[in-house]
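Asker: I'd like to ask some things about the structure below.
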Ligand SMILES: Cc1cc2nc3c(=O)[nH]c(=O)nc-3n(C[C@H](O)[C@H](O)[C@H](O)COP(=O)(O)O)c2cc1C
């Protein structure tokens, strides 16, 4: 049973979460960064997990395009969808719902909001300015939810096909 995790990241948080998730799954897990690698061959995998992050209200275009281009095939897989962002609660859920289509959300065996990080060391001048103004923080913060990652992995394992 092969698992694929595809993700995009701007400052490394989603990549970190993809690795954390891999650590909680058994079997062969490949991780592909959609930005640096080409689009993977989905027919090689029974399970596909897709992760992106939110910047100024939007998930990365590459995630959106990947989901749109492969929607029919993704609906034949065991599917997981996750998102990194710093908003919480209702706002985070709205961002999640806007990031992934209704059809994919309805099909997904696992969905997760994994929290996020503000990593000032990796932001450019403008990003720092936006984050200081909008979020009111002056330095790096990490709010990755290990609990959400664990719950996602448990939901997924419960829904994996036998064998
Ligand atoms: C310029 C900027 C804008 C952001 N805008 C949002 C936002 O609109 N909503 C939100 O929930 N988080 C926002 N965030 C927080 C990111 O989602 C968070 O930093 C996330 O961990 C980034 O993951 P990545 O490093 O994998 O891209 C923003 C972060 C930056 C730097």
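Computed from the coordinates by the stated procedures, all read-outs in this text should not be read as laboratory data. All values reported here derive from a predicted model rather than from experimental measurement. Note: ideal-geometry Cβ built from the backbone for every residue, glycine included; neighbour counts use all protein chains shown.
Asker: Could you state the number of Å between the C-alpha centres of region 12-89 and region 116-163?
Answerer: 14 Å
Asker: Sticking with this one: How many nm is it between the label spots at residue 137 and residue 121, if each spot is 7 Å from the Cα in line with the beta carbon?
Answerer: Taking the simple label geometry, residue 137 and residue 121 are separated by 1.5 nm.
Asker: Provide the gained length on full extension for the span residue 28 to residue 94, in nm with one decimal, where the gain is 0.36 nm per separating residue minus the Cα-Cα distance.
Answerer: Working: separation 66, 0.36 × 66 = 23.76 nm, distance 3.23 nm.
Full extension from residue 28 to residue 94 adds 20.5 nm.
Asker: Given the convex hull of the Cα atoms of region 7-163, what is a quarter of its surface area in nm²? Could you put the intermediate results ahead of the total?
Answerer: Details: hull surface 36.6 nm².
Mean shadow area of the hull around the Cα atoms is 9.2 nm².
Asker: Over the chain, what relative contact order in percent results from Cα pairs under 8 Å that are six or more residues apart? Walk me through the intermediate numbers first.
Answerer: On the way: 261 pairs, mean separation 37.5, N = 163.
Computed over the chain, the figure is 23 percent.
Asker: If you don't mind, there's one more thing I want to ask. Report the gain in length on full extension from residue 69 to residue 105: 0.36 nm times residue separation, minus Cα-Cα distance, nm rounded to one decimal. Please list the in-between numbers first.
Answerer: Numbers: separation 36, 0.36 × 36 = 12.96 nm, distance 1.56 nm.
Result for the pair: 11.4 nm of gain on full extension.
Asker: Using a 10 angstrom cutoff on alpha carbons, build the Gaussian network for the chain and name the most mobile of 141, 59, 48.
Answerer: So, out of 141, 59, 48, the one fluctuating most is 141.
Asker: Continuing with the same structure: Given springs between every Cα pair under 10 Å in a Gaussian network model of the chain, which of 17, 84, 67 has the largest fluctuation?
Answerer: 67
Asker: So, one more: Per 5 Å bin from zero, what fraction in whole % of the C-alpha pairs of region 50-91 is there, up to the bin with the longest pair?
Answerer: Binned Cα distances yield the sequence 5, 19, 28, 22, 15, 10, 1.
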